[in-house]
Structures are given as structure tokens and as C-alpha cells.
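The values are calculated or read from the model by the stated rules, or taken from the named source; none is laboratory data. Remember, it's a predicted structure, so these values are computed and weren't measured experimentally. Note: ideal-geometry Cβ built from the backbone for every residue, glycine included; neighbour counts use all protein chains shown.
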Amino acid sequence: MSNEVMFIQAGHDSKIVELLIPEKRTESALIAALVAAGLLNDENLRVFVDDAEEEVLKDREAEIKGLKHGCRIQLSHCKRIDVTVHYQEKTTERKFAPGVRVKAVKQWATREFHIDPKDAPEHVLQICNFKERPSSDTPLAALAHGCGCNVCFDLVPEKRVEG
């Protein structure tokens, strides 16, 4: 049996569960492993490997190329997360897979708003109407609370230095 581990996170639950990768790296084998571990007890949960666009399906025997040691499996009720980003007076929107990380959203947003690449590191994504600034490694599904499949960010300066 393989000693390779994958990390499972369900929605906005901050708990991460380690699970051995099944020897057969197919979609149906992954689903079976999640069910056997008691992690897929809600039939409405969707399974995504890392930031893959397509969800894993239980009745498909296709090999999962991204299923490797250290990969993250995201369990989410959402097929896509609707993301809105505000910057100054501008707004942009896009749909992302649930496993996409905040850092990828920030990269996309800074390109959309034509922020100079030298200035982009000085900005962070902050949850709209809150002071919460999720870490760049946070998957979007962890931020889409409740049954909503959307997240709103403000792109703000990380720190202002006055002097």
C-alpha cells in the first residue's frame, strides 16, 4: 500500500484530514476512499483535486493525474464559486473552481485592474465589509460560507506607510 497522503478539507470547515491515496488513482477509487473514511456522507458534496476545474465523479474510471502526495482534496457543495473583487471604484467578477486559492484570485484581479506588477505585492484581498484578510493559501470554498457559492473581496493596500 502507498504511504502517500492527500489532505481533505470540507467547505468552510477549517479541519484538514489526512488520508492515504488509494493505490488505484481513479475517480471511482478516490470517491470510494472518501466514503470509506466517512468524509463523503452528504450526497450533495462535490469533490475537487487541488484547483482542478472539473469535479471527480464516482462512476468514472478515469485516472486522476493530479492525485499525488500532498495534494488537497476539496469537498464543496459548489461547482463554482462566484468571485467579486472591488478595487477603488472598479469591480470585476469571475467564477472559479472551489479549490482555487486566494493567491490565484489576487493574481487574476491585479491583471484585471492593470495594477503594475511592482505594486501588486503591496496589495491584499480582504473580505468585503470585514477586516478579515484570508491567507493566500486559503481555498475559495473555505470562504463561501453557508449554502452560498460566492465570495466578495476588496483589493486593498496591505499597509500604508505615512511619513
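Residues in region 109-134 that are farther than 24 Å from H145 by Cα, among the hydrophobic types (A, V, I, L, M, F, W, C) and assigned to a loop (DSSP other than H, G, I, E, B): F113, I115.
Do we have any residue at all in region 48-57 that's surrounded by 15 or more Cβ atoms within 10 Å (Cβ to Cβ), under 18 Å from the mean Cα position of the chain (by Cα) and at positive phi? Before the answer, list the steps.
Our first condition is that a residue be surrounded by 15 or more Cβ atoms within 10 Å (Cβ to Cβ); within region 48-57, this holds for 48-52, 55-56.
Right, trim to under 18 Å from the mean Cα position of the chain (by Cα) and you get 48-52, 55-56.
Next cut, at positive phi only: 50.
Yes - at least one qualifying residue is present in region 48-57.
Taken over region 35-47, residues that are at pLDDT below 95 and within 18 Å of the chain's Cα centre (by Cα) amount to 5.
Checking the structure you have, find out if any residue of region 41-56 is more than 23 Å from T138 (Cα to Cα) and either touching a helix residue (DSSP H, G or I) at 6+ places or on another chain (Cβ under 6 Å) or polar (S, T, N, Q) (or both). So that I can check it myself, show each step before the final result.
Keep residues of region 41-56 that are more than 23 Å from T138 (Cα to Cα), which gives 41, 43.
Retained after the next criterion (residues that are either touching a helix residue (DSSP H, G or I) at 6+ places or on another chain (Cβ under 6 Å) or polar (S, T, N, Q) (or both)): 41.
Within region 41-56, one or more residues are more than 23 Å from T138 (Cα to Cα) and either touching a helix residue (DSSP H, G or I) at 6+ places or on another chain (Cβ under 6 Å) or polar (S, T, N, Q) (or both).
Determine, yes or no, whether K68 is assigned by TED's automatic domain parsing to the domain that holds S14, in contact (Cβ under 8 Å) with a residue 60 or more places away in the chain, surrounded by 12 or more Cβ atoms within 10 Å (Cβ to Cβ) and among the charged types (D, E, K, R). Criteria met by K68. Criterion applied to R94, R80, R101 was being of a type in the set (K, R), free of Cβ contacts under 8 Å to residues at least 24 places away in the same chain and either farther than 21 Å from C128 by Cβ or surrounded by 14 or more Cβ atoms within 10 Å (Cβ to Cβ) (or both), and the one residue passing it is R94. Picking from residues in region 1-23 that are modelled with pLDDT of 90 or more and touching a helix residue (DSSP H, G or I) at 6+ places or on another chain (Cβ under 9 Å), the one that is surrounded by the fewest Cβ atoms within 10 Å (Cβ to Cβ) is E23.
Residues that are at pLDDT 95 or above and assigned to a strand (DSSP E or B) within region 76-92 comprise I81, D82, V83, T84, V85, H86, Y87, K90, T91, T92, listed in sequence order. Just a yes or no: is a residue in region 103-124 of a type in the set (A, V, I, L, M, F, W, C), closer than 20 Å to D51 by Cα and touching a helix residue (DSSP H, G or I) at 6+ places or on another chain (Cβ under 6 Å)? Checked region 103-124: no residue is of a type in the set (A, V, I, L, M, F, W, C), closer than 20 Å to D51 by Cα and touching a helix residue (DSSP H, G or I) at 6+ places or on another chain (Cβ under 6 Å).
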